[in-house]
Every structure is written in C-alpha cells, then in structure tokens.
1. Through the Karplus equation 6.51 cos²θ - 1.76 cosθ + 1.60, θ set to phi - 60°, convert the phi angles of the stretch 64-76 into ³J(HN,Hα) values in whole Hz; use x for Gly and Pro.
2. Under a cut-off of 20 Å between alpha-carbon atoms, report the lysines in cross-link reach of Lys15, not counting same-chain residues fewer than 8 places apart.
3. Quick one: Cα centre-to-centre distance for the stretch 52-86 and the stretch 5-41, in angstrom?
4. Between Glu74 and Leu34, what is the label-point separation in nm under the 7 Å Cα-to-beta-carbon projection?
5. How big is D for the chain, in µm² s⁻¹ as a whole number, if Stokes-Einstein is applied with the Kirkwood radius of its Cα pairs at 25 °C and 0.890 mPa s?
6. Amide H of Gln91: which non-local residues (sequence gap of 5 or more, or other chain) have their own amide H closer than 5 Å, using H built in the peptide plane?
7. Taking only C-alpha pairs under 8 Å that are 6+ residues apart, what is the relative contact order of the stretch 3-104 in percent?
8. How high is the FRET efficiency between Val17 and Arg103 when r is their beta carbon distance and R₀ equals 22 Å, given to the nearest 0.05?
Amino acid sequence: MSKLRIREEELRKPKKVPMEDREHIIDVIRSILLEDSCIKLAIIHGGFIDSEVFRDIDIALLLEGVEDELIYVEELRDRLEKATGIGVDIQLLNNAPPSFTYRVL
C-alpha cells in the first residue's frame, strides 16, 4: 500500500473529538478561509458538526473569481488537512443542485 493511500486512510478513520477541540479546529479553518478573497461563503456541515463520531470535515464553499476550481479545491483541501490533521471534503455551492444547497444552508 502506498504512503499516500495510508495517509488518506488515516485522515478518514472515524474520530471522536470533544466539542472544545472542535471549536479550536473551526477557528483554524476559519483563519485559513478568511485569508482568501475568492471565498464568498463557507459552511461547515455534516458529521463534524452534528455527530459524536465523524470521518472528515465537510465544507461547502461559494467561490468567485477562480479560474480552475478543481486545482483550487485540491490545494485548499491539502492546506486544511495539513493544518487540522483531519480529512476535509469540499463541496462547491456554485453549481450545486438546489436540494444540496438547501440542505447545507
């Protein structure tokens, strides 16, 4: 198994993190996202917010002025995972189905 695959599996293992530690993780994420003027809206949702046990952090983003969204999202995800030590799943709201956007909001 490759080192990359092992790291991916480690990042996605089920985690149980106390709420005060989650608040610190949210602060770390917030500081990274606020540095980028292309991010117009960011919402953390999913298991990290509403479950005792979670596998990753789901973040929905609304972007403006990004030429290559795929590269942008991959680079941002890598920065967030490195800063938090937790897997991050980024979904873009720009072209998301209305049902997904409604659920996140």
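Bear in mind these aren't lab numbers, they're just calculated from the coordinates by the rules spelled out. Owing to the predicted nature of the structure, the values given are computational and were not obtained by experimental measurement. Reconstructed Cβ throughout: ideal geometry from the backbone, glycine too, with neighbour counts over all protein chains shown.
1. Whole-Hz 3J(HN,Hα) from phi for the stretch 64-76: 9, x, 9, 6, 10, 4, 4, 5, 4, 5, 4, 5, 5.
2. Lys15 reaches Lys82.
3. Rounded to whole Å, the Cα centres lie 9 Å apart.
4. For Leu34 paired with Glu74, the spin-label model returns 3.0 nm.
5. The estimated diffusion coefficient comes to 169 µm²/s.
6. Ile59, Ala60, Leu61
7. About 29 percent, as a whole number.
8. Using R0 = 22 Å, I get an efficiency of 0.40.
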